[in-house]
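Where a number appears in this text, it was derived from the coordinates with a stated rule and is not lab data. These numbers were taken from a predicted model, which means no experiment stands behind them. Positions of Cβ are generated from backbone atoms using ideal geometry, with glycine treated the same way; all protein chains shown enter the neighbour counts.
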Number of protein chains: 2
Amino acid sequence: MNFQQLRAAREAVRQGFNLTLAAEALHTSQPGVSRQIKELEDELGIELFQRSGRRLLGLTPPGAALMPIVERLLQEADNLKTAGADFAEADQGTLTVAATHSQARYALPGAVRDFRGSHPGVALHLQQGSPPQVAEAVLAGRADLGIATEALADYPELVTLPCYRWTHVVVVPRGHALADEAAAGRPLTLARLAALPLITYEPGYTGRRQIDEAFAREGLKAEVVLQAMDADVIKTYVELGIGVGVIATMAFDEARDTTLAAIDARHLFPTQTTRVAVKRGAFLRGYVLDFIETFAPTLTRELVGRALAAPDDGGDFEI
Amino acid sequence: MNFQQLRAAREAVRQGFNLTLAAEALHTSQPGVSRQIKELEDELGIELFQRSGRRLLGLTPPGAALMPIVERLLQEADNLKTAGADFAEADQGTLTVAATHSQARYALPGAVRDFRGSHPGVALHLQQGSPPQVAEAVLAGRADLGIATEALADYPELVTLPCYRWTHVVVVPRGHALADEAAAGRPLTLARLAALPLITYEPGYTGRRQIDEAFAREGLKAEVVLQAMDADVIKTYVELGIGVGVIATMAFDEARDTTLAAIDARHLFPTQTTRVAVKRGAFLRGYVLDFIETFAPTLTRELVGRALAAPDDGGDFEI
DNA sequence: TATCCTTACGGAATTCGTAAGCATG
DNA sequence: CATGCTTACGAATTCCGTAAGGATA
């Protein structure tokens, strides 16, 4: 039994039981992968993969029972290398952060700037994607940590920790009726918003679900005329007068967005919690913990360490 | 990185940092072990072992941090092989039970007989030892499970489950004054016992500590004239009239021990709990679970499975 | 017939044990 | 000077990619 065999089996599963793809992913030849898997099956004395003729279809029941062990094994092997590197060259390496656009654009820049200053030897990689993509990048080991507001809690193989809380604001062109009403002290209501064409995030992004739910709870149906993945796009169309924007508070910059007016909407939509996720059972290098603490000062090394050691989630604490 | 290197490092630690012994334990050459360790250190980029000249003294701080990962890695590798065998040949294999004399002699025979009947393909090995030896056999993977009344709870790397509870009896030759007093309805007291020469277990065996503590709590000092590791020896000397025996209830057999009389002592000494221990994180073959259930019917497969999955101990339940 | 897995083969790299060397208590 | 680790070397094994073969949708 060796690691190549285990990697071949894992990759075969990941690539949907296509050994040709698995071989490409592993930068090796296809017959090699085929052989590794066969050797592993021979040594274990069982067929891991269900075959129809020469084609792989899926896992056999024993295969389904053994693959989680293979995953843990390879995870620990990875931990060993990572831990070694953490001692060998504590101040250099690579940090890959998977994050949604909102996070990458508005929440992360400060932390990235500070981290680059304090850890000049660490090469930073920022991977952008939808919340599920963020989660899967962390799960597959392509990212050291993921940052998003949605979806992360749905993956039991991830340990998630709350970073910060935020709310939505409504943005309109300067001089828009809503801005005047707000200036006159008339509080914004959902009913008032529902009467206007809205521009906001796509479903699955940056609290969109909670926006929809807020309207639904009051029996209102909002007319979303345009939806986008990021606030920059939304703001652009708001400037054009296409509609009223609903974006995350952090996405509005008083100094920069001079053509727009923001109206507090924290009483209309629920507070969101942005979370950082790491793979359960993964060894985190010292500078990864540093980055997390830079990004969310409440998440100290000790606290993250305890959450990782805990089996379920360390009891999702308040922030 | 390969498994040989990891095994070499683990064995070097187990053998007290003596590579010659490690090589013997691994059935290989000493230069081989030396090389494996060096290669592992090279690949990880750190020195795992503290050296004085050419001699190994212990682990470096990085080594101490990485060795637990190595242990888990090798444990999972073992799990994989075991799980494979469990599917490949579910009904045959080897079951090694480490137990104390008391368990092997009095508690296990029934379970062993039943298990042999239901699992004729499984070769049974019974390893006898002191409670710490039982614990260490399980920890080192030399035994699949351990059964003892003492010590097992002291090892955090073991998962222990309560099997059954028992108490002590006092044994005397037939016609002894104590037997007459008991027959006359006069309850036995610790003070009465303390006035007689006692024969019981050695410290560290079969509830001896609780016997001593019971006397100490009443400010009494028992005179133990002879102590042994097992009840057979104790009973032999009681027959000779050397003293009064205190043994586990299960060690007295009315039908066999015709020359002796047993006097209930459950009101004098605390109830003992015998436990079964398995290595935390180890995969248990189906027949191992069967054996546990045969031995202690309360410990069903589901219950043991849950206890193994739980991180701490699954909350030591009542039996 | 295109895709995808298996088998066959040969060169290259790795592995491992023996023998010799060297430091330390 | 005995114990214990390292270095050196050569044989044997293992490993892996290329090329050809065969089954299936």
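Computed quantities for the displayed model
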quantity	calculated
Above-threshold pairs, the threshold being 25 Å between Cα atoms, out of B:K235/B:K279; A:K81/B:K38; A:K81/A:K279	B:K235/B:K279
Relative packing of peptides B:68-76, A:183-191, A:300-308 - highest average C-beta neighbours within 10 Å first	B:68-76, A:300-308, A:183-191
Spatial extent of region A:219-274: Rg and Dmax, with the Cα atoms as the point set, Å	11.9, 36
Residue order, fewest to most surrounding Cβ atoms within 10 angstrom, among A:K38, A:K235, B:K221	B:K221, A:K38, A:K235
Convex hull of Cα atoms in the protein assembly as shown, direction-averaged projection (nm²)	41.4 nm²
Using alpha-carbon coordinates, inclination of helix A:3-14 to the longest axis of chain A, degrees	50 degrees
Shielding of A:65-75 by partner chains, average beta-carbon count, 10 Å	5
Spherically averaged projected area of region A:210-319 from its Cα convex hull (nm²)	9.7 nm²
Ratio Rg/Rh, restricted to chain A and using Cα atoms, in which Rh is the Kirkwood radius	1.07
Where the Cα pairs of region A:1-150 fall when distances are cut into 10 Å bins, in %	10, 31, 29, 21, 9, 1
Distance histogram in 5 Å bins (all Cα pairs of region B:148-236, percent per bin)	3, 11, 19, 21, 19, 13, 7, 4, 2, 1
Alpha carbon Rg of region A:4-71, scaled by the compact-globule rule 2.2 N^0.38 Å	0.97
Residue among B:L139, B:L198, B:L66 with the largest mean-square fluctuation in a Gaussian network model of chain B, springs linking Cα atoms under 10 Å	B:L66
Between region A:236-266 and region A:96-147, the alpha-carbon center distance in angstrom	25 Å
Pseudo-label separations to other copies for B:L220 - Cα-to-Cβ vector, 7 Å, nm	8.2
Bins of 5 Å from zero: percent of alpha-carbon pairs in region B:89-198	2, 10, 16, 16, 12, 11, 10, 9, 7, 5, 2, 0
Angle in degrees between helix B:286-295 and the longest Cα principal axis of chain B, rounded to the nearest 10	10 degrees
Reciprocal of mean inverse Cα separation for region A:141-182 (Kirkwood radius, Å)	14.0 Å
Ranked list, fewest to most other Cβ atoms within 10 Å of each Cβ, for B:D144, A:D253, A:D86	A:D253, A:D86, B:D144
Ascending list, in nanometres, of distances separating the B:R14 label from those of the other copies (7 Å, Cα toward Cβ)	3.1
Nm distances between copies for A:A25, ranked from closest, using label points 7 Å along Cα→Cβ	3.7
Mean ellipticity per residue at 222 nm, deg cm²/dmol - from DSSP H runs of n ≥ 4 across chain B, formula -39500 (n - 2.57)	-12500 deg cm²/dmol
Using alpha-carbon coordinates, inclination of helix B:108-118 to the longest axis of chain B, degrees	60 degrees
